[in-house]
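The values are calculated or read from the model by the stated rules, or taken from the named source; none is laboratory data. Model, not experiment: these values are computed from the prediction. Cβ placement follows ideal geometry from the backbone for every residue including glycine, while neighbour counts extend to all protein chains displayed.
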Amino acid sequence: MYFDVVSQCTKNLANLLTCLDRAGQHAAAKKFDVAVLMSSRLAPDMQDFTYQVQSACNYIKAAAAWLSGQTPPKHEDNERTIDELRARIKKTIAFVESVPAEQYANASEQKIRLSWAPGKFLSGQDYFLQMTIPNTYFHIATAYAILRHNGVDIGKQDYLRPINFIKG
């Protein structure tokens, strides 16, 4: 189960690559610097687009690492351009895809320590259900909403696809 859900989170992160392409096209068509979108936010007290992408990557790579008994790779949060965000997403996906399904065998029994809760732990299952999934989807949806709010031509299918239909 953990492998499948981490893979689903990764697929959704990969969909952001399409959204980034559309953001670049939108900026070119409207003749503005696409870097403007990197610092865009939905509200003054919210983090910007760049942060949303970095955070989604961080939650996904941390889940893949902690739930498979590894330490997450360090990625500096220093991306400033669309190309740097693309590279960040691709680096995250490459790491997650490098973890074989078998390594998640004891995922629910892992004890996960959170840096902001010293001396406290979550079980792998609680970490995954209470931290990884909601935070990943929050940051991906917020990144999508920031682009959409700024006029980038993306729709719900860009967020959801591909969907693996079966023949009935």
The lone exception for A87 - which of (1) closer than 22 Å to D158 by Cβ; (2) at pLDDT below 95; (3) of a type in the set (A, V, I, L, M, F, W, C) it fails: (2)
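For the range 80-89, which positions are free of Cβ contacts under 8 Å to residues at least 40 places away in the same chain and within 15 Å of the chain's Cα centre (by Cα)?
We begin by selecting, within the range 80-89, every residue free of Cβ contacts under 8 Å to residues at least 40 places away in the same chain; these are 83-84, 87-88.
If the condition is that a residue be free of Cβ contacts under 8 Å to residues at least 40 places away in the same chain and within 15 Å of the chain's Cα centre (by Cα), then E84, A87, R88 are the ones that fit.
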Answer residue from the range 69-126, given it is within 15 Å of S7 (Cα to Cα) and β-branched (V, I, T) and is surrounded by the fewest Cβ atoms within 10 Å (Cβ to Cβ) among those: I93
When you look at D158, is it acidic (D, E), in contact (Cβ under 8 Å) with a residue 40 or more places away in the chain and not in a helix (DSSP H, G or I), yes or no? no
Within the range 112-151, residues part of a loop (DSSP other than H, G, I, E, B) and touching a residue at least 40 places away in the same chain (Cβ under 8 Å) come out as N150, G151
Cβ pairs under 6 Å, 6+ apart or interchain, first in the range 28-44 and touching a residue at least 24 places away in the same chain (Cβ under 8 Å), second outside any helix (DSSP H, G or I), ordered by first then second residue, are L37/N150; S40/N150; R41/D48
Given (1) in contact with a Cys (Cβ under 8 Å, 6 or more places away or on another chain); (2) surrounded by fewer than 20 Cβ atoms within 10 Å (Cβ to Cβ); (3) not acidic (D, E), identify the lone condition not met by F3. (1)
